[in-house]
Amino acid sequence: MSITLKHSGLKMPLVGFGLWKVPAETCADTVYNAIKAGYRLFDGAQDYGNEKEAGEGVRRAIADGLVKREDLFITSKLWNTYHSKDHVLDMTKNSLNDWGLDYFDLWLIHFPISQKYIDPAVRYPPNLLYDVDAGTMEFDNVPISETWAEMEKAVELGYTKNIGISNFCGGLIIDLLRYAKVPPAVLQIEHHPYLTQPQLIALAEQRGIAVTAYSSFGPQSFLELGHPVAQNVGLLLEADLITSIAKAHDKTPAQVLLRWATQRGVAVIPKSNKLERLTENLNHIDFELTREELDKISGLNIGLRFNDPADWPGKIYIFA
């Protein structure tokens, strides 16, 4: 199953593999095995620190005849420190070189936050902090319009087939659409039953922007990061409602959470290092939840966001 992207007409798989927190030392094998299992969309980012290894896995799969490049949909994201017109295109090429690719299928602005530039020769990926020893962040005064104009040039130059946005709120999206010559093809957001964001999804649908959900299992993704809220809230994978629906359909709780999204037209990018779980996550679209089940799962919404820059050292309130 796939979503047809409005601007380019390119088909984006409804289920992909997310590369966030995939260790660099195992990433090549993970990507190769995921391709072997049937995944065709891979969601990466400069900030994840594993683009070279992910690209190695892709090249190995192509060399072994598992896929052709055109069979894959590769997404990556521009990090906050490269928003200036002086850096966007250079860093787009930098990521393409790391992946060993001629083009991306989708190139996203990771956050609507402009941080002070850090030369890749000094530190790459740069992560959140400008001064690591002091634990501080520094920002740059670059408007989204400047960054987006360079993203559009990346399309013109053939560096990417589509451009999009991640972690943007409604007001920013509406403003971006006022001046965008190439509209965003995809909006990637945190989306799970604890954070359903129905109005934001409705806006994207209204404006012809596809939506991809990350952290589909809610707190599960943040437990290993020591996130205080994730450690003190009930796990969605263990919630009575989710487990009972899973039992009724003879599916796993993870498959139910993913189907809740994809049945509503929202793409998902789960990850797993276990082959059995990889396959389960990919093959979750062979059943239908009832309208009542969909509504009950959506009813778990408590507006609980885990990936919030307000919790970063610089406390950036982009979701205020």
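So here's what we get for this one:
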item: Extended-chain gain in nm, criterion 0.36 nm per residue less alpha-carbon gap, A37 and L223; result: 64.3 nm
item: Projected label distance in nm at E156 and M1, using a 7 Å step from Cα toward the beta-carbon; result: 3.8
item: S84 accessible area, assembled protein chains, probe 1.4 Å, Å²; result: 20
item: Expected-Rg normalisation [2.2 N^0.38 Å, Cα atoms] applied to region 244-320; result: 1.35
item: Highest average packing first - 233-241, 96-104, Cβ atoms within 10 Å; result: 96-104, 233-241
item: As computed over region 1-155, the Cα convex hull volume per residue (Å³); result: 115
item: Where R264, R305 fall by accessible area, highest first, once all protein chains stay in place (1.4 Å); result: R264, R305
item: Separation of the A310 and D250 label points, Cα + 7 Å toward Cβ, nm; result: 4.5
item: 222 nm mean residue ellipticity, helices alone, for the chain (DSSP H n ≥ 4; -39,500 (n - 2.57); rounded to 500); result: -10000 deg cm²/dmol
item: Cα-based reach from K296 at 16 Å (exclusive), listing lysines while leaving out same-chain residues under 8 positions away; result: K247
item: T4 - accessible surface, heavy atoms, 1.4 Å probe, Å² rounded to 10; result: 80
item: Structure-derived Rg and Dmax of the Cα atoms in Å - corresponding label in (i) 18.9, 55; (ii) 21.4, 75; (iii) 18.7, 69; result: (i)
item: Set of aspartates and glutamates near K52 by C-alpha distance (under 16 Å), chain-local residues within fewer than 8 positions excluded; result: E25, D29, D43, D98, D102
item: Protein-only accessible surface order, largest first, of K36, K251 at 1.4 Å; result: K36, K251
item: Area accessible to solvent at E156, 1.4 Å probe radius, in Å²; result: 140
item: Links that overshoot a 18 Å alpha carbon limit, given the list K21/K274; K6/K271; K85/K116; K21/K77; K11/K36; result: K6/K271; K11/K36
item: The chain: relative contact order as a whole-number percent, Cα under 8 Å and 6+ apart; result: 17
item: Where E146, E293, E56 fall by accessible area, highest first, once all protein chains stay in place (1.4 Å); result: E56, E146, E293
item: Spacing of the two label points (7 Å from each Cα toward its C-beta) at D71 and D240, in nm; result: 4.6
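The values are calculated or read from the model by the stated rules, or taken from the named source; none is laboratory data. Given the structure is predicted, the values throughout are model-derived calculations rather than measurements. Reconstructed Cβ throughout: ideal geometry from the backbone, glycine too, with neighbour counts over all protein chains shown. The accessibility values were calculated without ligands, DNA or RNA, using every heavy atom of the protein model including side chains. Shrake-Rupley method; radii C 1.70, N 1.55, O 1.52, S 1.80 Å.
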